[in-house]
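Nothing in this text is a laboratory measurement; each read-out follows from the coordinates by a stated rule. None of the values given here were measured: they were computed from a predicted structure. Methodologically, a virtual Cβ is constructed for each residue, glycine included, from the backbone with ideal geometry; neighbour enumeration extends over all protein chains shown.
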Amino acid sequence: MEQLFFYIFSIVAIVSAILVVSVRNPVHSALYLIICFLQVAAMFVLLRSPFLAAVQVFIYVGAVMVLFLFAVMVLDLGKERLKDSMHSQSILGGALAIVLFFIAFYLVYNGDIVAPLGAYTETALMKNTEVIGAALYTKYIYPFEVVSLILLVALVGAITLVMRHKDN
Amino acid sequence: MNLASLNINIYSLLPLLMVVGLALFVLVLDFFIPRGGKRALGYVSALGLVCILPFVPMFIETVPSYAGFVIADTYSAFFNVVFLVSSAFAIFISIDYLRRLGSESGEYYYIMLFATAGMMIMASANDLIGLYVGLELMSMSFYILVALRPGKGAEGALKYFVLGAMSSGILLYGISFAYGFSGTTNVNEMAAIVYRLPDNNTYLYLALALIGAGFAFKIAAFPFHVWSPDAYEGAPTPVTALLSVGSKAAAFAVFLRVFAVALPAFHGQWSDMLWVISAATMIFGSVVAIPQKNIIRMLAYSSIAHAGVILMGIVVNSSAGASAVLYYSLVYAFMNVGAFTVAALASRGDGGEQLTDLRGLASRRPWLAFFMALFMVSLAGIPPTAGFMAKFFVLASAVHAGYYWLAVIAVISTAIALFFYARVIFYMYMRDYEGAELPERSLFTCVTYGVVLILTAVGTLALGVYPSAILDIAVRAVGPLFTI
C-alpha cells in the first residue's frame, strides 16, 4: 500500500517536473512546480516526517511560489523568453542530464546506493516536531545562530542593492 | 541531550564574537553618521580589526565546543590572523577607493566585516554543517560586495551569484552523501567511522567528488574557475583583494580540515582527484594569464595558478604540506593585497585597470612602481621574496612525498607565469609614459595607501628573508590535524 502511494507520488512529481521546464508560459511552469513540491511534501509524510512536509507546504508552496508568481507577473515575462536565453546549450545540457541519469540508474540498479537507517525509531518519530525543535536549540544552536547572521546580511544586501538602483 | 555534553564555551568563539560585534556596532553607527562622513566607519572597522588581532592567539581551545561544531585550535587561529590582516588592509584601502568612485556607503564596511566573520566560522568549523553556514555567510556577503561597484559590478555579481549558488548546491549534495555513509556530519566522528568502511563505497566516492568540486569552486580551481575573472573585474578592487586572498584562504582551511581530518583513510582516492585538478589549474592559470590586457583579469588568472600550487600542499597530506599551505596563505595575503592596492591606485579613474595604464609608471611614480615590481617578483616566486619561500616549501613537501611529476608541472607553470609578471615590470620601467598626467593625490590618500603598501612590502620581504619564525608557527598550527 505504502509503495503504491510512493510510486503515485513520485511519478506525478517527475511528470510535473518535466512539465516545469517544457511548458512555454512561465506562470504555467510555476504552477507545475507547485504540484511537484506538493508531491515531495507527500513523500515526506511517507518517510514519517510530518514536520518537514508541513514546512515544505508552508515555505515552498506558500511563500516561495507566491513570490515567484508575483515576480513573473510584475516583470511581465513574455512567453519563450526562457528559450531565447538557452542559446545552443540545450543539446549539451540534455546530453549531460542523460549521462547523469544513467549513472544514477546504474548505481541504484546495482544496489550500490542503499540508505542506512537513521538514528530515530518509529516511536521517536511520533514526536517529530519536538525532536527537531530540541535538536535545533541544543546540538545545532551554533549553526542556528550563524543562520541568523546570514539572514541579516541577505536583508541588508537586498535593501542596499535595490536602494542604490533607485538612486541612480 | 544534556547541556553539559554540548560544551558551551564562550572563549572558543571570542575572536569571532568580537568581529560580529564590531560589524553590528558599525551597522548601528551607520544610522548616526551623515552621508558625507561614511569614511569614519572605514576607520572604525579597520582599527577594530587591528585591535581584535592580538586576541586571536589568546583563545586556543583544543577541545571542540558547541556539540563539536567549533574548534578553536592553533590551526584556526593561524587562519584567523590571515583573515583579519587581509581584511584590515582591504578595508583601509577601500576608504579612499570608494571616495574616488563616488559611492561611499556604510553597508560596504559592515558587510566586509560579516564576510570576515564568515571566513572565521569556516576556519574553526569542525562540522560539515557549521562549515556550510560559514561558507554561506561569506559568499552572501561577497555577492553583495561585488555588486556594489556602479556599472560593471552587476554583471560580475550575477555570474558569481549564479555559479556560487550552484557550487553551494553541489557541496551540500556531497555533504548529504557524506552523512549517508557515516551517519554524522562531525569531522572527528566521521574520521572514526570512515576507517571501518569498505574500500569501494559508492557513497564515499560521490561525497569525495561532490565536496571536492564544491570547494574547488570556492578556490577557483580549473575547471570551476569561470566566475572568478568576471567577478574580480566587476568588484570594487579592494573587495577583489579580499576575495582573492581571504575567501580562498578560508576555502583552503576547510578543504584541508575536511580531507585531512575526516577522510585520511581514503587519501589514495582523493589525492588522485586533487592531483589532476592541481596540475590542470597551475598550467591553465599561467597560460591564460598571458594574453590578458586588463591587470585585474591578469591577477585573477595568476590567482588561479597560485590556487593550483597551494592545492599541492593538500594533495601531499603531510604535516609539511599542510604547514606550507598555511605559510603560503599568509604570504599570498601580503603580496596579493599589495598588488591589488597598486592596481587600485594606478587606475586612471575611468573604471578600467588596463595593463597599458602602467606604462612608464616608474618615471612618474617611482615608489609605486617599485612596490609593484616587488609584488610581481614575489608572485612570480623569485628569491629573496616570500613568494619564493612559499613555493619552495610546497614543492619541497611534494618532492619529499614522492609527487615528482606534480612538482615538475609546478616548476614549468611557474616558469610560464614569469612571463606575464615580468611584462608588468617591463611596462613600468622600459616604456615611456603616455597619456594624461596622473591626477595629484591628496596627502590623506598618500598616507592611507602608503601605510598599506609599506606593511605589505615589509611582510613580503620579511617572510622571504626570515621564513623560519612563521614556518615554525605554521608547523605547530597544523599539529592538531595530524595527531588523531
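Sorted on the mean count of surrounding Cβ atoms within 10 Å across their residues, most packed first, peptides B:441-447, B:178-184 read B:178-184, B:441-447.
Here the mean projected area of the convex hull built on the C-alpha positions of the protein assembly as shown is 29.8 nm².
Taking R0 as 60 Å, what FRET efficiency do you get between residue A:25 and residue B:363 from their Cβ-Cβ distance, rounded to the nearest 0.05?
0.40
Principal-axis analysis of the Cα atoms of chain B puts helix B:295-316 at an angle of about 30° to the longest axis. Neighbours of residue B:171 by Cβ distance under 11 Å: Lys/Arg scored +1, Asp/Glu scored -1, total 0.
Inter-chain Cβ neighbour count for B:150-163, averaged per residue, equals 1 (cutoff 10 Å, partner chain atoms only).
Which whole number in µm²/s is D for chain B by Stokes-Einstein, with the Kirkwood Rh taken over Cα pairs at 20 °C and 1.002 mPa s?
96 µm²/s
The distance between label points at residue A:144 and residue B:419 comes to 5.7 nm (points 7 Å beyond Cα on the Cα→Cβ vector). Dipole of chain B computed with +1 at Lys/Arg Cβ and -1 at Asp/Glu Cβ about the Cα centre; of B:29, B:404, B:443, farthest Cα towards the positive end is B:443. Set against the 2.2 N^0.38 Å expectation for a compact globular protein, the stretch B:289-392 has a Cα radius of gyration ratio of 1.16. Hey, with R₀ at 30 Å, roughly what FRET efficiency would residue B:451 and residue B:33 work out to, going by the Cβ-Cβ distance, to 0.05? Approximately 0.85, to the nearest 0.05. Spin-label pair residue A:18-residue B:10: with each label point 7 Å from Cα along the Cα-Cβ axis, the two points sit 5.9 nm from one another.
Ordering B:473, B:148, B:294 by the projection of their Cα atoms onto the charge dipole of chain B, which places +1 on the Cβ of Lys and Arg and -1 on the Cβ of Asp and Glu, puts B:294 at the extreme positive end.
Peptides B:324-333, B:66-75 ranked from most to least packed by the mean count of surrounding Cβ atoms within 10 Å: B:324-333, B:66-75.
Rounded to the nearest 10 degrees, the inclination of helix B:404-430 to the longest alpha-carbon principal axis of chain B is 20 degrees.
For peptide A:133-146, the mean count of partner chain Cβ atoms within 10 Å of a residue's Cβ comes to 6. Peptides B:143-155, B:127-139, ordered by how many other C-beta atoms sit within 10 Å of their residues on average, highest first, read B:127-139, B:143-155.
Per-residue ellipticity at 222 nm, computed for chain B from helices alone with -39500 (n - 2.57) per DSSP H run of at least four residues, works out to -24000 deg cm²/dmol. Label-to-label distance, residue A:155 versus residue B:25, with points set 7 angstrom from Cα along the beta-carbon direction: 2.2 nm. Checked against a 23 Å cut-off, the cross-linked pairs B:38/B:159; B:218/B:391; B:159/B:218; B:248/B:391 give Cα-Cα distances beyond that limit for B:38/B:159. Ordering B:102, B:177, A:90 by Cα displacement along the dipole of the protein assembly as shown toward the positive end leaves B:102 in first place; charges were set at the Cβ atoms of Lys, Arg (+1) and Asp, Glu (-1). Peptide B:104-116 has a mean shielding of 2, counted as Cβ atoms of other protein chains within 10 Å of each residue's Cβ.
Taking 0.36 nm per residue of sequence separation and subtracting the Cα-Cα distance, how much length would be gained by fully extending the chain between residue B:162 and residue B:468, in nm to one decimal? Once the chain is fully extended between residue B:162 and residue B:468, it gains 106.0 nm. Each Lys and Arg contributes +1 and each Asp and Glu -1, all at the Cβ; summed about the Cα centre of chain B, the dipole is approximately 680 debye. Quick check: net charge around residue B:15, other residues with Cβ under 14 Å of its Cβ, Lys/Arg +1 and Asp/Glu -1? Within the 14 Å Cβ shell, the charges total -2.
Summed over all non-identical Cα pairs, the Kirkwood treatment of the stretch B:228-300 gives a radius of 14.1 Å.
For the pair residue A:65 and residue B:442, what calculated FRET efficiency results from E = 1/(1 + (r/R0)^6), where r is the Cβ-Cβ distance and R0 = 60 Å, to the nearest 0.05? Between residue B:442 and residue A:65 the formula returns 0.65. In a simple Cβ point-charge model (Lys, Arg +1; Asp, Glu -1; nothing else charged), the stretch B:294-421 has a dipole of about 180 debye relative to its Cα centre.
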